[in-house]
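Notes follow the structure.
The values are calculated or read from the model by the stated rules, or taken from the named source; none is laboratory data. On a predicted model such as this, the values are computed, not experimentally measured, just so you know. Cβ sites come from the backbone with ideal geometry, for glycine too, and all protein chains shown count toward neighbours. Only protein heavy atoms, including side chains, enter the accessible area calculation; ligands, DNA and RNA are left aside. Shrake-Rupley method; radii C 1.70, N 1.55, O 1.52, S 1.80 Å.
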Amino acid sequence: MAKEAETVKVFGLALSTCTARVLTALEEKGASYEVVNVNLQIGEHKQPTYLARNPFGQIPALEDGSLTIFESRAMARYVAKKYSSSGTDLLRSGNPGEAAHVDVWLEAEAQHFNPPISTIVYHLVILPVFGGVADEKVVEENTAKLEKVLDVYEERLSKSKYLAGDFFSLADLSHFPYTYYLMKTPKASLITSRPHVKAWWEAVSSRPAFKKVAVGMTLGS
């Protein structure tokens, strides 16, 4: 009898943007997984047991049998590779040209898109949850940066339905968590004012995997 595959464990919180990135990849692949909640309020993520999973004391971390890894983008790539034969083809590794475009836009997300949008979401969504007040100057500075990035995206998306081409990939998926929270703020107009970016977001956010993960994303609610 074949050994039953072990369930992947994701240590984090469903409302966390980085955790959501990993969970969405797992959902797109139809993989079996378990979310193990990490209590940030009592500092569980800074305790030795958790630091053995992620030495930077951040969420999430992933365990798959004897393998333990951290960094959500690396975790999402691992999921896409491990379950390459099932679910959505997230890396397009069978086509070197398409795979290269996926890599390019994954880098664009990490290097250009994430810095300003994560700062905006932190000030407008996360800080208020903990009684803080947004620094409007910082918000506006990063809004200007994100506008320039999204102008590039608008041009790109005028030529293809998704970022890497006319196919959904990990590049699109990786943008989901922070954009989801941005859309709950007055800065949603950064997306809706750009017709091709708006159409892309509507296509991305309507996917069943995203809808399922989004149920647990309750920051600011």
Review point. With every protein chain left in place, what is the accessible area of residue 42 in Å² (1.4 Å probe, nearest 10)?
Key: 120
Revision key, fill the gap. In whole angstrom, the spacing between the Cα centers of the range 169-192 and the range 86-108 equals 20
Point to revise | Net dipole in debye of the range 74-148 [+1 Lys, Arg Cβ; -1 Asp, Glu Cβ; about Cα centre; nearest 20] | key: 340
Review point. How far apart, in nm, are two points set 7 Å out from the Cα along the Cα-to-Cβ line at residue 129 and at residue 68?
Key: 2.5
Check your understanding: Taking only DSSP H segments of four or more residues, each worth -39500 (n - 2.57), what value at 222 nm results for the chain once the sum is divided by all its residues, to the nearest 500 deg cm²/dmol?
Key -> -13500 deg cm²/dmol
Check your understanding: Where Rh is the Kirkwood radius over the Cα pairs of the range 4-54, the temperature 4 °C and the viscosity 1.567 mPa s, what D in µm²/s does Stokes-Einstein return?
Key -> 109
**Study point:** Accessible area (Å², 1.4 Å probe, nearest 10) - residue 13
**Key:** 40
Check your understanding: What does the charge dipole of the chain about its Cα centre add up to, to the nearest 20 debye, if the Cβ of each Lys and Arg holds +1 and the Cβ of each Asp and Glu holds -1?
Key -> 200
Practice item. First compute the accessible area of the range 19-62 with a 1.4 Å probe, then give the percent of it belonging to carbon and sulfur atoms. Key: 50
Check your understanding: Considering only the other residues whose Cβ falls under 9 Å of the Cβ of residue 18, what net charge follows from Lys and Arg at +1 and Asp and Glu at -1?
Key -> +1
Check your understanding: Lysine pairs in the range 57-180 8 or more apart or on different chains: how many have alpha carbons under 29 angstrom apart?
Key -> 9
Exercise for review: Estimate the FRET efficiency between residue 159 and residue 46 by the formula 1/(1 + (r/R0)^6), using the beta-carbon distance for r and 41 Å for R0, to the nearest 0.05.
Suggested key: 0.35
Point to revise | the chain - Rg and Dmax from Cα coordinates, angstrom | key: 17.6, 62
Point to revise | Listed residue (22, 37, 52) projecting farthest to the positive dipole end of the range 4-56, Cβ model | key: 52
Revision key, fill the gap. Mean accessible area per residue over the chain (1.4 angstrom probe, all protein chains present, square angstrom) is 49
Practice item. With the full set of protein chains in place, find how many percent of the accessible area of the range 72-139 is carbon and sulfur; take the probe as 1.4 Å. Key: 56
**Study point:** Proximal charge balance of residue 154 [Cβ under 14 Å; K/R count +1, D/E count -1]
**Key:** +3
Check your understanding: Extent of the range 104-211 along each principal axis, from alpha carbon coordinates, in Å, largest to smallest?
Key -> 42, 29, 24
Study note, to complete from the structure: So for R0 = 25 Å, FRET eff. of residue 95-residue 199 from the Cβ-Cβ r, to 0.05, ends up at 0.55
Check your understanding: Between residue 189 and residue 86, what length in nm is gained on full extension when 0.36 nm per residue of separation is reduced by their alpha carbon distance?
Key -> 33.5 nm
**Study point:** Dipole axis of the chain (+1 Lys, Arg; -1 Asp, Glu on Cβ), positive-most option in 88, 110, 180
**Key:** 88
Review point. Round to a whole number: what % of the accessible area of the range 177-221 belongs to carbon and sulfur, probe 1.4 Å?
Key: 57
